[in-house]
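Undergrad: Below is one structure. I have some questions about it.
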Amino acid sequence: MKFLLITLIAEKNAERPAHERFREVVDNALLAEELGFDGFGVGERHERPFFSSSPPVVLSHIAALTSRIRLFTAVTTLSLLDPVRAFEDYSTLDNLSGGRLELIIGKGNGAAQAKLFHVTADDQWDRNRESYELFRRLWREPKVTWEGRFRPPLDEAEAWPRPLQQPIRVWHGSATSRESVDLAARFGDPLFSANVTNPIEPYAELIRYYRERWAHYGHDPAEALVGAGSAGFYAAPTSQEAIETYRPIYEARIALFRRVGVEPVFPTLEDAVERSSILVGSPQQIIDKVHRYHAEFGHEAMHLQADADLLTDKQHRASLELFQSDIAPTLRRDLPSRPFPTPLLPTRPTVTAPPHDDGVAAGLPAGGAFTERPAP
């Protein structure tokens, strides 16, 4: 099993400066690499309360400060983007990261961002499919002649820079719709199930459908690759401690849902622990739950929430450390997965910035993870 930390860079405090939230994201990415996670992902949203409108910029900054961890998008909303511009951004990031980029694509959701980009419910899936078909060709072919519905045609077009990974692995994010599942199976691409909002059954059904369509399109069933999300995470030495610490966090989430008129699927933390993908408990409880989900999904990768949410920094770090020391080794042993690609360029040693004003004199933000960086 491979493990990712993922953030949508949500910010509930409208008064908080964006740069402080971005600093948290970068610090969490560095923590993920330090603790041995396999990947770090940044979502894409174009509406409040999210600061994740530009994943390639955020991930490029993280790429400059890390050397090993895979860099995921979660997801790249191709239904909203010009695929040529998206290719240019992500090919650039692929080069800057030494070939560590992993894309998860999807149509995205949210009425505000659809309105911002003039996308409708009637055309969003067609836009997603068409954009991916062109993006895929641009990544693989030095010159592309193409015509579609939603952007001007191309005639022997060259898009630069050429990517480092050839080809890149593209996962398809799936929440509730069969369209993304079928698109993934058609092209022989892996599937990443959201697995956040509902009980296990609808997600398991979509994954079974993915495997059916995979075989329908003539692919080897043994080559199908699945990842899955989780709805929250907090590990503690005992289940009692985990529940006691996480309860106010979960209750705050439920209160927020109800304020915006959304009735929660799991109204109590106990219900969520029992029926949802949330991972709250002792190490053995979390191991058992991941095994239970794996029996339905057959997944080889899963994500945890990267953000501390309402946990203190100390609680957040301790929980992730406990995951890596007491949970991940058992899951890696019991549920082996195919390896992620290794960086195509050599990793770089990490050096400490000169001790002048904690980096401020060098034009760097003071304190935190910004005081250490890879050598140029």
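The values are calculated or read from the model by the stated rules, or taken from the named source; none is laboratory data. What you see is a predicted model, and the numbers here were worked out from it, not measured in a lab. Note that we place each Cβ from the backbone using ideal geometry, even for glycine, and neighbour counts take in every protein chain shown.
Undergrad: Report, by residue number, each residue of the stretch 139-179 that is within 15 Å of Leu101 (Cβ to Cβ), touching a strand residue (DSSP E or B) at 6+ places or on another chain (Cβ under 8 Å) and not hydrophobic (A, V, I, L, M, F, W, C).
TA: Selection gives Gln165, Arg169.
Undergrad: Separate question: Return yes or no: is Glu156 surrounded by fewer than 16 Cβ atoms within 10 Å (Cβ to Cβ) and either in contact with a Leu (Cβ under 7 Å, 6 or more places away or on another chain) or assigned to a strand (DSSP E or B) (or both)?
TA: It is true that Glu156 is surrounded by fewer than 16 Cβ atoms within 10 Å (Cβ to Cβ) and either in contact with a Leu (Cβ under 7 Å, 6 or more places away or on another chain) or assigned to a strand (DSSP E or B) (or both).
Undergrad: For Trp139, are the conditions met, namely being among the aromatic types (Phe, Trp, Tyr), buried (at least 18 other Cβ atoms within 10 Å of the Cβ) and closer than 30 Å to Pro343 by Cβ?
TA: Against the criterion (among the aromatic types (Phe, Trp, Tyr), buried (at least 18 other Cβ atoms within 10 Å of the Cβ) and closer than 30 Å to Pro343 by Cβ), Trp139 qualifies.
Undergrad: I need the full set of residues from the stretch 176-223 which are of a type in the set (A, V, I, L, M) and touching a residue at least 60 places away in the same chain (Cβ under 8 Å), in order please.
TA: Result: Val196, Ile200, Ala204, Ile207.
Undergrad: I'd like to know if the stretch 352-359 contains one or more residues that are in contact with a helix residue (DSSP H, G or I) (Cβ under 7 Å, 6 or more places away or on another chain), assigned to a helix (DSSP H, G or I) and at pLDDT below 95.
TA: Yes: one or more hits.
Undergrad: Residue under question is Gly148, and the condition is that it be at pLDDT 95 or above, in a loop (DSSP other than H, G, I, E, B) and of a type outside the set (Asp, Glu); does it hold?
TA: In short, yes.
Undergrad: Continuing with the same structure: Give Val119, Val75 a once-over and let me know the one that is free of Cβ contacts under 8 Å to residues at least 60 places away in the same chain and of a type in the set (A, V, I, L, M).
TA: Residue meeting the stated conditions: Val119.
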